[in-house]
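The values are calculated or read from the model by the stated rules, or taken from the named source; none is laboratory data. Predicted, not measured: the structure shown is a model, and the values here were computed from it. Backbone-built Cβ (ideal geometry, glycine too); neighbour counts: all protein chains shown.
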Amino acid sequence: MKKMIFRLLLVWTALSFSSVVCIKTVHGEAYRRELDKYLRSKFVTFAKKGFEASNNFRAIHHSPPLKWSDKLAARAQKLAYQMALNGSIQAPGIDQLGENRAKLSAVNYDCEMAGEEAARIWYSQGSHYSYSDPRMNSDTDSFTQLIWKNTRDVGMGCAQRKGSVTNEIYVVALYYPSGNSEAALRENVTDPKRVGTKDVYATIYRREHLEKDHQ
């Protein structure tokens with residue numbers, strides 16, 4: 001974990017911008033240095049909490065823990081910054097990567113708590129997921145990507161948009177390899193209640209898809 005925190009600080013330095021959009025300009029180099037130090041510590045806390053929450057949720061479904069990726073974190077941070085700058089969660093995605101996004105509005109906290117909260121929101125979609133009849137849809141795609149068994153790496157970013165009447169936080173998680181392939185849902189999204197039992201339906205499902213692919 002210490003190595004991860006050190007790498008996160010390097011990622012933060014490489015990004016060269018604040019995670020807080022619309023921050024008031026303050027005179028004084030000393031203040032700016034203290035502000036940057038303060039924001040870096042918040043980013044480390046954000047990433048640590050979001051990373052740990054994600055792996056805790058994956059463990060429920062017996063998915064292996066994700067590894068932290070500095071490269072993915074840098075790209076996720078830039079995407080979160082872009083969304084905060086535009087005031088919209090809509091932004092071009094990144095090809096070949098899995099992705100989860102969250103917009104937290106009217107909250108009384110900042111990025112420190114946002115990673116854990118975003119992971120909780122994504123995981124809550126699981127209440128709408130049918131293990132007996134798995135299908136890809138927009139109501140559960142954040143959940144399935146979060147616990148996708150074959151995904152190995154993750155990086156997260158957070159940006160805050162502060163105004164006189166609003167406090168919006170944008171969180172992005174990028175994953176590699178990407179998940180959410182409908183043909184592989186059964187083998188990558190495991191029902192915790194069925195772990196250790198043979199899934200006959202999954203075998204039939206894979207056979208049907210193989211037969212269709214060869215027709």
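So which helices (runs of 4 or more DSSP H) stay within the range 77-193 end to end and still have 2 or more residues that are over 16 Å from Ala53 (Cβ atoms)?
Output list reads 141-147, 185-188.
Restricted to the range 137-181, and to residues there that are closer than 20 Å to Gln90 by Cα and of a type in the set (Gly, Ala, Ser), the residue that is nearest to the chain's Cα centre (by Cα) is Ala173.
The rows are residues; the columns are (1) farther than 15 Å from Ala173 by Cα; (2) at pLDDT below 95.
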{"position": "Arg33", "(1), (2)": "yes, yes"}
{"position": "Arg40", "(1), (2)": "yes, yes"}
{"position": "Gly50", "(1), (2)": "no, no"}
{"position": "Gln90", "(1), (2)": "no, yes"}
{"position": "Glu99", "(1), (2)": "no, no"}
{"position": "Ala102", "(1), (2)": "no, no"}
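For beta carbons closer than 9 Å, sequence separation of 6+ or different chains, a first residue in the range 148-169 that is modelled with pLDDT of 90 or more and a second that is basic (Lys, Arg) and part of a strand (DSSP E or B), the qualifying pairs are Arg152/Lys67; Asp153/Lys67; Val154/Lys67; Glu168/Lys103; Glu168/Arg161; Glu168/Lys162; Ile169/Lys103; Ile169/Arg161. Residue count for the range 141-183 under the criterion of being of a type in the set (Val, Ile, Thr), out of contact with any Cys (no Cβ under 9 Å at 6 or more places or on another chain) and surrounded by 16 or more Cβ atoms within 10 Å (Cβ to Cβ): the result is 4.
Condition first: in contact with a strand residue (DSSP E or B) (Cβ under 7 Å, 6 or more places away or on another chain) and within 14 Å of Val154 (Cα to Cα). Now tell me which residues in the range 95-117 satisfy that. Spell out how you get there, then give the answer.
Narrowing the range 95-117 to residues in contact with a strand residue (DSSP E or B) (Cβ under 7 Å, 6 or more places away or on another chain): 97-107, 110-111, 114-115, 117.
Once the filter is applied, which keeps residues that are in contact with a strand residue (DSSP E or B) (Cβ under 7 Å, 6 or more places away or on another chain) and within 14 Å of Val154 (Cα to Cα), the range 95-117 yields Leu97, Gly98, Glu99, Asn100, Arg101, Gly115.
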